[in-house]
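**Student:** Could you have a look at this structure, given as C-alpha cells, before my questions?
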Amino acid sequence: MPLVRLCAASDVPVGEARRFETPDGPVAVVNLGEAGFRAVGAICSHAHYFLDEGEVDVDEETIECPKHGSTFDLNTGRPRTLPATLPVPAYQVKLENDDVMIEVDE
C-alpha cells in the first residue's frame, strides 16, 4: 500500500483533529500527545457529519460526532456509543520526520 502525506505533525494541536483529503476520501488526523497520532475516516457512519469537528478524548482515544454524539475508537474506527453502529475506516499512521503519513488503497 502506498503512503500518503497528510500534514506536518505541527499542523494538528494536541487534543484536536484536522481533516485532510486523500484518494480514499476525507481523513481526520488526531493528535493524542504522548500516545501519538491516529487517523480515521472523517465522515460519521451514522449521520455523515465531519468527525474532526467533534470533541477528542485523549485519555479514552475517541472522537465524538458533533451531530448526535456517537463516539468512535481512534484505534479501530468502531463506534463505542450509539446511535452509530457501523465503523469508520481506521488508518495505520507513520511519522516520517515531521510528516504524518497513512497507508491508502491503490
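**Student:** Give me the pairs: first residue in region 67-94 and touching a residue at least 40 places away in the same chain (Cβ under 8 Å) and surrounded by 15 or more Cβ atoms within 10 Å (Cβ to Cβ), second residue of a type in the set (S, T, N, Q) and in a strand (DSSP E or B), beta-carbon distance under 9 Å, and six or more apart or on different chains, which are they?
**Tutor:** LEU74/THR62; ALA84/THR71; TYR91/THR22
**Student:** Further, regarding this structure: Can you confirm whether region 26-39 contains a residue that is among the β-branched types (Val, Ile, Thr), at pLDDT 95 or above and more than 19 Å from VAL104 (Cβ to Cβ)?
**Tutor:** Within region 26-39, not a single residue is among the β-branched types (Val, Ile, Thr), at pLDDT 95 or above and more than 19 Å from VAL104 (Cβ to Cβ).
**Student:** Quick one: would you say ARG5 is surrounded by 15 or more Cβ atoms within 10 Å (Cβ to Cβ), part of a strand (DSSP E or B) and at pLDDT 95 or above?
**Tutor:** no
**Student:** Any residue in region 9-30 that is loosely packed, with under 15 Cβ neighbours inside 10 Å, farther than 25 Å from ASP98 by Cα and of a type outside the set (Val, Ile, Thr)?
**Tutor:** Looking through region 9-30, none of the residues is loosely packed, with under 15 Cβ neighbours inside 10 Å, farther than 25 Å from ASP98 by Cα and of a type outside the set (Val, Ile, Thr).
**Student:** Still on this model: What are the residues in region 95-106 that are closer than 18 Å to GLY25 by Cβ and either surrounded by 13 or more Cβ atoms within 10 Å (Cβ to Cβ) or of a type in the set (A, V, I, L, M, F, W, C) (or both), if any?
**Tutor:** VAL100, MET101, ILE102, GLU103, VAL104
**Student:** Being in a strand (DSSP E or B) and within 18 Å of THR71 (Cβ to Cβ) is the filter here, so list the residues in region 9-26 that pass it. If you could, list the steps in order and put the result at the bottom.
**Tutor:** Restricting attention to region 9-26, the residues satisfying the condition of being in a strand (DSSP E or B) are 17-22, 25-26.
Of everything in region 9-26, those that are in a strand (DSSP E or B) and within 18 Å of THR71 (Cβ to Cβ) turn out to be ALA17, ARG19.
**Student:** So which of GLU60, GLU64 ends up being acidic (Asp, Glu), buried (at least 19 other Cβ atoms within 10 Å of the Cβ), out of contact with any helix residue (DSSP H, G or I) (no Cβ under 6 Å at 6 or more places or on another chain) and closer than 19 Å to PRO87 by Cβ?
**Tutor:** Working: GLU60 fails: buried (at least 19 other Cβ atoms within 10 Å of the Cβ).
Step by step, each of GLU60, GLU64 is checked, and only GLU64 is acidic (Asp, Glu), buried (at least 19 other Cβ atoms within 10 Å of the Cβ), out of contact with any helix residue (DSSP H, G or I) (no Cβ under 6 Å at 6 or more places or on another chain) and closer than 19 Å to PRO87 by Cβ.
**Student:** Same structure again: Considering only region 72-87, how many residues are of a type outside the set (Phe, Trp, Tyr) and not in a loop (DSSP other than H, G, I, E, B)?
**Tutor:** In the first step, residues of region 72-87 are kept if they are of a type outside the set (Phe, Trp, Tyr); the result is 73-87.
Adding the requirement that they be not in a loop (DSSP other than H, G, I, E, B) leaves 73, 79.
So the count comes out to 2.
**Student:** Inspect region 63-71 for any residue being farther than 11 Å from CYS44 by Cα and in a loop (DSSP other than H, G, I, E, B) and give the result as yes or no.
**Tutor:** No, because not a single residue in region 63-71 is farther than 11 Å from CYS44 by Cα and in a loop (DSSP other than H, G, I, E, B).
**Student:** Tally time: how many residues in region 32-54 are exposed (fewer than 15 other Cβ atoms within 10 Å of the Cβ) and assigned to a loop (DSSP other than H, G, I, E, B)?
**Tutor:** Qualifying residue count, region 32-54: 3.
The values are calculated or read from the model by the stated rules, or taken from the named source; none is laboratory data. Note that the structure is predicted; figures quoted are calculated from it, not measured. Quick reminder, even Gly has a Cβ in these numbers, built from the backbone with ideal geometry, and neighbours come from all protein chains shown.
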